[in-house]
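The values are calculated or read from the model by the stated rules, or taken from the named source; none is laboratory data. All figures in this text were calculated on a predicted structure; none of them were measured in a lab. Heads up, the Cβs are rebuilt from the backbone with ideal geometry, glycines too, and the neighbour counts pull from every protein chain shown. SASA here: full protein model, heavy atoms, side chains in, ligands and nucleic acids out. Shrake-Rupley method; radii C 1.70, N 1.55, O 1.52, S 1.80 Å.
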Amino acid sequence: MQADFSDYSDVLSKFLNYITNTAIISDYITDCGSCTQNLDEEFKEVATSYGRCIFTLGNTDEEEIRNVYAILNYIVAHNIEIHFTIAQGYASSNKYQDQVKGFNNRVVMVLIRHIERYLTKVGIDMGLDEKNTYTITVHNGQVNVANDNATITAVNNSGIDGATLTDLIQKVRTTAQGLPSDEAEIVSDSLETIEAEALSEHPKKGLLRTAIAGIKAIKGPVEFVAAVATLVQFLGGMI
């Protein structure tokens, strides 16, 4: 999300490689179906509109997931420099970096949010018994967790109550509304890291500490400070 426009293609390629090589995520995306859009025509229309057109992502969660994933793969496969072509419609600014950021916020982040919610649900389901090893499958967009012999396995060793964590993070997000845009972005990025690492099989404590330091440094309203303090206290055993 923070990639420089000049490095964007390489960073996006690494991001897609990670998704492809992470079975739990790639299976989820595959289960959402295949993109039915004519991407050749879609890209041509957006690229030649000089900022007047943007991509159609779909009307359902499944459509958004498969369409965004297909759009990103098309960019990499055709080595498209988005700041010269398709990103113009995603920002009012003429600066390349602003256009790339706008594209990330309105396209890439759609896919990330869906994956984040899915993994959070998996983490919550796994948290029912931290001693078990689970098989995780996806069918028709639903997450199925069972403790049979596994082809995909995961163990929740953190002892974190996923439902409580989600609730505390949401309280921080709610109380952060109204912060300046730069501070709000720090809060959002930090909370995403905290949620991902806290629910991870092997949480990286260094990342957690950095993310926590990021939100603690924000001098928001009293409600925000209190929500952050509660979240930090909840995570105390991990850090």
**Message:** So for region 123-143 (the condition being at pLDDT 80 or above and in a helix (DSSP H, G or I)), does at least one residue qualify?
**Reply:** no
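Yes or no, residue by residue, for (1) within 15 Å of ALA3 (Cα to Cα); (2) part of a helix (DSSP H, G or I); (3) modelled with pLDDT of 90 or more; (4) open to solvent by less than 30 Å² (accessible area, probe 1.4 Å):
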{"position": "PHE84", "(1), (2), (3), (4)": "no, no, no, no"}
{"position": "GLY89", "(1), (2), (3), (4)": "no, yes, no, yes"}
{"position": "ASN94", "(1), (2), (3), (4)": "no, no, no, no"}
{"position": "GLN97", "(1), (2), (3), (4)": "yes, yes, yes, no"}
{"position": "PHE103", "(1), (2), (3), (4)": "yes, yes, yes, yes"}
{"position": "VAL108", "(1), (2), (3), (4)": "yes, yes, yes, yes"}
{"position": "ARG113", "(1), (2), (3), (4)": "no, yes, no, no"}
{"position": "TYR118", "(1), (2), (3), (4)": "no, yes, no, yes"}
**Message:** I'm checking my understanding of the structure. Among residues of region 222-239 that are in contact with a helix residue (DSSP H, G or I) (Cβ under 7 Å, 6 or more places away or on another chain) and not aliphatic (A, V, I, L, M), which one is nearest to ALA176 (Cα to Cα)?
**Reply:** PHE224
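For (1) open to solvent by 60 Å² or more (accessible area, probe 1.4 Å); (2) touching a strand residue (DSSP E or B) at 6+ places or on another chain (Cβ under 8 Å), each residue gets a yes or a no:
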position	(1), (2)
GLY162	no, no
ILE169	no, no
LEU191	no, no
ILE194	no, no
ALA198	no, no
GLU201	yes, yes
LYS216	yes, no
PHE224	no, no
MET238	no, no
**helices (runs of 4 or more DSSP H) wholly inside region 1-68 containing at least 2 residues that are within 26 Å of TYR118 (Cα to Cα) and open to solvent by 80 Å² or more (accessible area, probe 1.4 Å)** = 8-21
**Complete:** If you go through GLU64, GLU45, GLU41, the only one that is modelled with pLDDT of 90 or more and in contact with a His (Cβ under 8 Å, 6 or more places away or on another chain) is GLU64
**Message:** Return the residues of region 146-177 that are of a type in the set (Val, Ile, Thr) and at pLDDT 50 or above; say none if nothing qualifies.
**Reply:** ILE160, THR164, THR166, ILE169, VAL172, THR174, THR175
